[in-house]
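This report refers to the structure that appears directly beneath it.
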Amino acid sequence: MNSGMNANHWDAIIIGGGPSGSSAAAILAEYGHRVLVLEREKFPRYHIGESLIPFTYQPLQRLGLIPKMKRSHFVKKYSVVFISRNGKASEPFYFYNRYDRDSVAQTWQVLRSEFDQLLLDNAREKGAHVIEEITVKELLREGDRVVGVRAQKKSGETIEYRAPITLDCSGKEAFTAVRNGWRTKDPYLSKVAVWTYYKGSKREPGIDEGATTVAYVPEKGWFWHIPQHDDMVSVGVVAEGKYLTRDGVRDPEQIFKREIEQNAWIKEHLSHGHSTGQYYLISEYTQHARHCGSEGLLLVGDAFAFLDPVFSSGLMLALKSGTAAGEEIHKAILARDFSPQRFTEYARYIREGIENMRKLVYAFYDPKFSFKKVIETRPEAAGEITDCLSGDVNKDYTPLWNHIRQFVSLPDDMALGGPLVGASGELAGKA
């Protein structure tokens, strides 16, 4: 920690106080570094993406938040279940059949306004300085090196903050990737989501009450049904835009109500409750950053990559990359070395997880794919699929992918993610 710095000079600046930013901030502050978090909104604030998966446990444990999560009123989640269009449910994928029931096998369905506040408060408690309602306008540079940010307060005042390393944790907005022309889309994974919240929707009994349900509609579209506390349910439909807007229907409420008729399970469960009234629509474009960063800059969470949400991997990847980035930046501060090359392994680690989950997402959207067929012809695939669905994404799934390729095509890894070195655009190795 450099206690001699003035108020506008920090060991690290973090753009965004969401899950990735607050996680990185907590790690760095815990090590005693002077960390500044700049958050555009005022917390608590609304956000979609409410389901945790089992391997979120490890980053939450590293952040010291497991006791608070266990005391919380968030709904406990033990499984995920898939529903055919006629309403027939698959056997639940129970996490405790694979993992320790008292730790990894039980996770949560969260209300993001409360969960993200918990994460940001944790960073504050560990010593991070958080400024809310401030908007980062640009990165400050000296040559090829990022040396800080220029931001605008709610009052309109512009202020500069400097640090040897800046973390872009700006979420799907992807502050750096958009401005640097680094954003790369995944053309096959371009979906639209329409969602709302129901009060009193039917729930399953016992430990199945908190299950995430994925219910199919035509054209490989799907509903999510995520039980929350206070008898609320997050429910939405994801599909190709041309399917959801067929016959010229573009109003989110009309789209949603029409799709309810396409799945018997969803229709029956929602018939017990009522919508809270507001309907949301967003393009769920999968996107990747060509680079994880450059000198003095590192991309984290959705700002680095955003993957289709069908398997609820977003929060896991945000927390995982946030804690990993915090550890790597700590080492960089100690070494006084913020060269892009030192973040090559970070990029490889995060991209490996994204690519594994991405392959399973591609398989899911292929009309020829069936979990049942894959498992019937290779029984050990059940455990491997459960591992990937649970977020254990940093391991070798080559045998599983080779088997699935007998049924459907899977994408090759994308040759991107490595850090950018210098103005020449040289890569410090590919992730």
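The values are calculated or read from the model by the stated rules, or taken from the named source; none is laboratory data. As the structure is a prediction and not an experimental result, all values here were calculated from the model. Neighbour counts run over all protein chains shown; Cβ positions are idealised from the backbone, glycine included.
Residues that are surrounded by fewer than 23 Cβ atoms within 10 Å (Cβ to Cβ), under 17 Å from Cys169 (Cα atoms) and not hydroxyl-bearing (Ser, Thr, Tyr) do not occur anywhere in the range 311-323. Ala174 - would you say it is in the same structural domain as Ser275 (by TED's automatic domain parsing), surrounded by 14 or more Cβ atoms within 10 Å (Cβ to Cβ), within 20 Å of the chain's Cα centre (by Cα) and not aromatic (Phe, Trp, Tyr)? No, not satisfied.
Has the range 25-33 got at least one residue that is β-branched (Val, Ile, Thr), over 21 Å from the mean Cα position of the chain (by Cα) and within 17 Å of Gly322 (Cβ to Cβ)? Scanning the range 25-33, I find no residue that is β-branched (Val, Ile, Thr), over 21 Å from the mean Cα position of the chain (by Cα) and within 17 Å of Gly322 (Cβ to Cβ), so the answer is no. Within the set Gly143, Gly148, the sole residue that is loosely packed, with under 15 Cβ neighbours inside 10 Å and over 23 Å from Tyr46 (Cβ atoms) turns out to be Gly143.
Ala215 passes every criterion in (1) surrounded by fewer than 14 Cβ atoms within 10 Å (Cβ to Cβ); (2) part of a strand (DSSP E or B) apart from (1). The listed residues are Gln287, Gln254, and the only one of them that is part of a strand (DSSP E or B) and either free of Cβ contacts under 8 Å to residues at least 12 places away in the same chain or within 30 Å of Glu345 (Cα to Cα) (or both) turns out to be Gln287.
The conditions of being surrounded by 14 or more Cβ atoms within 10 Å (Cβ to Cβ) and either at positive phi or of a type in the set (Ser, Thr, Tyr) (or both) are not met by Thr158.
For Thr196, the conditions (1) over 30 Å from Lys88 (Cβ atoms); (2) touching a strand residue (DSSP E or B) at 6+ places or on another chain (Cβ under 6 Å); (3) surrounded by 14 or more Cβ atoms within 10 Å (Cβ to Cβ) are fulfilled apart from (1). Inside the range 69-84, can you point out the residues that are among the charged types (D, E, K, R) and loosely packed, with under 14 Cβ neighbours inside 10 Å? Listed by number, the residues that qualify are Lys70, Arg71.
Does the range 219-228 contain any residue that is surrounded by fewer than 16 Cβ atoms within 10 Å (Cβ to Cβ), outside any helix (DSSP H, G or I) and touching a residue at least 12 places away in the same chain (Cβ under 8 Å)? Yes.
Restricting the search to the range 290-299, which residues are in a loop (DSSP other than H, G, I, E, B) and out of contact with any Phe, Trp or Tyr (no Cβ under 9 Å at 6 or more places or on another chain)? Those that are in a loop (DSSP other than H, G, I, E, B) and out of contact with any Phe, Trp or Tyr (no Cβ under 9 Å at 6 or more places or on another chain): none in the range 290-299. Of all residues in the range 85-118, those satisfying the criterion of being at pLDDT below 95, assigned to a helix (DSSP H, G or I) and surrounded by fewer than 19 Cβ atoms within 10 Å (Cβ to Cβ) are Tyr96, Asn97. Checking Pro54, Pro59, Pro92 one by one, the residue that is out of contact with any Leu (no Cβ under 7 Å at 6 or more places or on another chain) and not assigned by TED's automatic domain parsing to the domain that holds His269 is Pro54 and no other. Annotation for the range 306-326: no member residue is out of contact with any helix residue (DSSP H, G or I) (no Cβ under 9 Å at 6 or more places or on another chain), closer than 20 Å to Arg62 by Cβ and of a type in the set (A, V, I, L, M, F, W, C).
Among the residues of the range 307-319, are any among the acidic types (Asp, Glu), closer than 25 Å to Phe115 by Cβ and in a loop (DSSP other than H, G, I, E, B)? Yes, there is a match, as at least one residue in the range 307-319 is among the acidic types (Asp, Glu), closer than 25 Å to Phe115 by Cβ and in a loop (DSSP other than H, G, I, E, B). Looking at Val35, Val81 in this structure, which one is among the aliphatic types (A, V, I, L, M), under 20 Å from Pro205 (Cα atoms) and in contact with a strand residue (DSSP E or B) (Cβ under 7 Å, 6 or more places away or on another chain)? Only one candidate qualifies: Val81. Contact annotation: residue pairs with Cβ atoms under 7 Å, 6 or more positions apart or on different chains, pairing a residue in the range 143-158 that is part of a loop (DSSP other than H, G, I, E, B) with a partner that is of a type in the set (D, E, K, R) and at pLDDT 95 or above, are Asp144/Glu295; Lys154/Glu133. Note on the range 364-390: residues that are surrounded by 13 or more Cβ atoms within 10 Å (Cβ to Cβ) and either more than 15 Å from Phe93 (Cβ to Cβ) or touching a strand residue (DSSP E or B) at 6+ places or on another chain (Cβ under 9 Å) (or both) amount to 12. Of all residues in the range 161-183, those that are β-branched (Val, Ile, Thr) have Cβ atoms under 6 Å from Cβ atoms of residues that are in a loop (DSSP other than H, G, I, E, B), 6 or more apart or on another chain, in Ile165/Gly296; Ile165/Phe338.
Can Ser79 be described as within 21 Å of the chain's Cα centre (by Cα) and at pLDDT below 95?
Yes; evaluated as a whole, the condition is true for this residue.
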